[in-house]
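Undergrad: Sharing a structure here in structure tokens format.
The values are calculated or read from the model by the stated rules, or taken from the named source; none is laboratory data. Nothing here was measured: the structure is a model prediction, and the numbers come from that model. Virtual Cβ from ideal backbone geometry, glycine too; neighbours counted across all protein chains shown.
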Amino acid sequence: MNFQGTINSKLPAVGTTIFTVMSKLAADFGAINLSQGFPDFNCSPDLIELVNGHMKKGANQYAPMAGLLRLREMISEKTKKLYGSQYDPETEITVTAGATQAIYTAIAAMIREDDEVIVFEPAYDCYTPAIELSGGKTIYLQLKYPDYKINWEDVKKVINHRTRMIIINTPHNPTGSIITAEDMAVLETLTRNTDIIIVSDEVYEHIIFDGNKHQSVARFPSLAERSFIISSFGKTFHTTGWKIGYCIAPHNLMTEFRKVHQYLVFACNTPIQYAIADFLKRENEYLDLGKFYQQKRDFFNERIAKSTFTYTPAAGTYFQLLRYDKITKEKDLDYAVRLIKEEKIASVPVSVFYHEKLDEQVLRFCFAKSEETLEKAAEILCKI
């Protein structure tokens, strides 16, 4: 059955996400799935017991629209300890149904028709559709292999009176690169005395390697006062399917955020909020996350060191980029599909994260997997 009237799509260029496509192919061909970004191991059994305990206690009805106050207080305390910035849990923190919802909400709350939003590519695929649905225009700036660093001179050239927002992502998906304190200082200078809003996607804030510190915009007062900061408990506690994240922002920005939030989801999963509020008291569960994933990165990279793929170790996230230019000249999407069908290993081609599909023959592999899975994947890659 189909609707017989005219449908003018608001997102004519948008199809099924690459993550869904590659995961389905992996399942169809029995391939090891290092494409979609989720762990193949479980979260802490203590966290599951906490959720179950709160369910049994009756915490099964609506939470407050902005989120459980106890959880917001824990988020405020964590942010103060890590980044030195104080956010009011009553008015400046909102619990969300995952980070993607938070990002959409921030964009929808602030962007009007013909506003321009600067997005750095390769970019996570939820940014531009939200901008387009809000009537805005995406201004793309390319980050390129191998370091994927922001060229701030390029940023200066595109900022004008229509620039309403800049979206940054650190640690960066899909590249695993990070934004430095020096980068943040330049961003401070560029946005000073403007109406530009920052959306800072920091969902991998605790997954950062080699002694580096996460440079949250919360560390920089003149950036924090114009920023929505987005994070994710799914990434932090290995529970991507629970879809619980949060947004922190100054009171005046958060007021606008909540106006949209209340009509998107109203409230988020109640027993999980109670459980995470309890679990956040165990600081090592997130403070040791970088060490945990660095061991996995190193385990994977050591085992592919003799392969024909080339790489620079990821600085953060749980993704490792591998370049295959010494193996074939195929387009990355074609090669990624062939690897699934013929070699039984799934990845994501990086070109899909560019609107013009810049192809530098690079694939993204997720190492948030068990050592057994990574060992099998590395054996395949080394035989290619």
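Undergrad: Return yes when residue 373 is over 20 Å from residue 36 (Cβ atoms) and either assigned to a helix (DSSP H, G or I) or at pLDDT 95 or above (or both) and no when it is not.
TA: no
Undergrad: Does segment 172-183 hold any residues that are over 17 Å from residue 367 (Cα atoms) and either surrounded by 19 or more Cβ atoms within 10 Å (Cβ to Cβ) or not assigned by TED's automatic domain parsing to the domain that holds residue 232 (or both), and which are they?
TA: Correct list: 178, 179.
Undergrad: What are the residues in segment 294-319 that are of a type outside the set (Val, Ile, Thr) and more than 15 Å from residue 375 (Cβ to Cβ), if any?
TA: 294, 309, 311, 313, 314, 315, 316, 318, 319 - these are the residues of segment 294-319 that are of a type outside the set (Val, Ile, Thr) and more than 15 Å from residue 375 (Cβ to Cβ).
Undergrad: Considering only segment 306-327, how many residues are in contact with a helix residue (DSSP H, G or I) (Cβ under 9 Å, 6 or more places away or on another chain) and either part of a loop (DSSP other than H, G, I, E, B) or exposed (fewer than 14 other Cβ atoms within 10 Å of the Cβ) (or both)?
TA: Counting residues in segment 306-327 that are in contact with a helix residue (DSSP H, G or I) (Cβ under 9 Å, 6 or more places away or on another chain) and either part of a loop (DSSP other than H, G, I, E, B) or exposed (fewer than 14 other Cβ atoms within 10 Å of the Cβ) (or both) gives 11.
Undergrad: A follow-up question, please. Could you say which residue among 252, 269 is touching a helix residue (DSSP H, G or I) at 6+ places or on another chain (Cβ under 9 Å), at pLDDT 95 or above and either surrounded by 20 or more Cβ atoms within 10 Å (Cβ to Cβ) or farther than 28 Å from residue 371 by Cβ (or both)?
TA: Every option except 269 fails the conditions.
Undergrad: Which pairs have Cβ atoms under 9 Å, sit 6 or more apart or on different chains, and link a residue in segment 285-314 that is closer than 20 Å to residue 211 by Cβ to one that is among the basic types (Lys, Arg) and part of a loop (DSSP other than H, G, I, E, B)?
TA: 296/369; 300/369
Undergrad: For segment 15-37, how many residues are in a loop (DSSP other than H, G, I, E, B) and surrounded by fewer than 16 Cβ atoms within 10 Å (Cβ to Cβ)?
TA: Counting residues in segment 15-37 that are in a loop (DSSP other than H, G, I, E, B) and surrounded by fewer than 16 Cβ atoms within 10 Å (Cβ to Cβ) gives 4.
Undergrad: Report whether or not residue 352 is surrounded by 20 or more Cβ atoms within 10 Å (Cβ to Cβ), touching a residue at least 12 places away in the same chain (Cβ under 8 Å) and either touching a strand residue (DSSP E or B) at 6+ places or on another chain (Cβ under 9 Å) or not hydroxyl-bearing (Ser, Thr, Tyr) (or both).
TA: yes
Undergrad: Take the residues of segment 328-370 that are small (Gly, Ala, Ser) and not in a loop (DSSP other than H, G, I, E, B): which is nearest to residue 178 (Cα to Cα)?
TA: 351
Undergrad: Could you list all residues from segment 46-69 that are surrounded by 11 or more Cβ atoms within 10 Å (Cβ to Cβ) and not in a helix (DSSP H, G or I)?
TA: Answer for segment 46-69, where residues must be surrounded by 11 or more Cβ atoms within 10 Å (Cβ to Cβ) and not in a helix (DSSP H, G or I): 59, 60, 63, 64, 65, 66, 67, 68.
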